[in-house]
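Visitor: Let me give you the structure first, and then I'll get to my questions.
Computed from the coordinates by the stated procedures, all read-outs in this text should not be read as laboratory data. For clarity, every value in this text was computed on a predicted model and none was experimentally measured. In this analysis, Cβ positions are derived from the backbone assuming ideal geometry, glycine residues included, and neighbour counts consider all displayed protein chains.
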Amino acid sequence: MGSSHPLIAQVVLDTTDVRVLAEFYRLLFGLTYRAGDEPSEPDVADVAPETKDWLVLRNPGGIQLAFQQVESLPPSTWPSDEIPQQLHLDTTVPDVETLDAQTERAVALGAFLLLDRSGDAEEPLRVFADPAGHPFCIFVA
């Protein structure tokens, strides 16, 4: 018998550039493209926008990420509630040293630091916006 509950297969993020956002998360989390979704050129940073409006990143042992093209998307203004975040990704690292290293990686890949609570003794964390403005957290757990 199957499960009596649906299983979450993936989280879908809207974006005005599916390739740029997918590539950000691919590099940040070490994910791989679903077959057929790979970029047509090896150096995706220099690739002209492609015609795909839906890309999926595989996450062995975890939830996949998918990216859906939209015409416009105002970035969240979090922590202000003018434009709410509506959804965000929580990610964990084992210690503050790793949090610092992953912060450097995220910013180098195009993330923007929104909140730094890395000095919190109970739950050190940082909140970022991805290149499309979606907030996500990296915290020590």
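Visitor: Taking H placed 1.01 Å from N in the peptide plane, check which residues at least 5 places from Ser118 or on another chain put their amide H under 5 Å from its amide H.
Guide: Amide H neighbours of Ser118, under 5 Å, 5+ apart: Leu125.
Visitor: Another question about this same structure. Using the crude model of +1 on Lys and Arg Cβ and -1 on Asp and Glu Cβ, and no other charge, please compute the dipole size for the range 89-140 relative to its Cα centre, in debye to 20.
Guide: 220 debye
Visitor: Just flag the chymotrypsin sites (Phe, Trp or Tyr not before Pro) in the range 60-141 sitting in loop per DSSP whose Cβ has no more than 15 other Cβ atoms within 10 Å.
Guide: none
Visitor: Which one, Thr98, Pro60, Gln85, projects farthest toward the positive side of the charge dipole computed for the chain from Cβ point charges (K/R +1, D/E -1)?
Guide: Looking along the dipole axis, the top candidate is Pro60.
Visitor: Note down the magnitude of the dipole of the chain about its Cα centre, charges +1 on Lys and Arg C-beta and -1 on Asp and Glu C-beta and zero elsewhere, to the nearest 20 debye.
Guide: 420 debye
Visitor: Let me ask you something else. Can you compute the FRET efficiency between Ala121 and Glu97 using 1/(1 + (r/R0)^6), with r the Cβ-Cβ distance and R0 = 22 Å? Round to the nearest 0.05.
Guide: Once rounded, the FRET efficiency stands at 0.90.
Visitor: Dividing the alpha-carbon radius of gyration of the chain by 2.2 N^0.38 Å (N being the number of residues), what value is obtained?
Guide: That ratio works out to 1.11.
Visitor: Ordered by residue, what ³J(HN,Hα) values in Hz, to whole numbers, does the range 24-33 give under the Karplus form 6.51 cos²θ - 1.76 cosθ + 1.60, where θ = phi - 60° and Gly and Pro are x?
Guide: After applying 6.51 cos²θ - 1.76 cosθ + 1.60, I find 4, 6, 4, 6, 4, 9, x, 8, 10, 6 Hz.
Visitor: Let me ask something else. Please work out how much length the chain gains when fully extended from Asp90 to Leu109, using 0.36 nm per residue of separation minus the C-alpha to C-alpha distance, in nm with one decimal.
Guide: Gain in length upon complete extension: 5.1 nm.
Visitor: Also, quick follow-up: In terms of modelled amide H atoms, which long-range or inter-chain residues lie less than 5 Å from the amide H of Asp14?
Guide: Gln68
Visitor: Which value results for Rg/Rh of the range 89-140 when Rg is the Cα radius of gyration and Rh the Kirkwood radius based on the inverse mean 1/r?
Guide: 0.94
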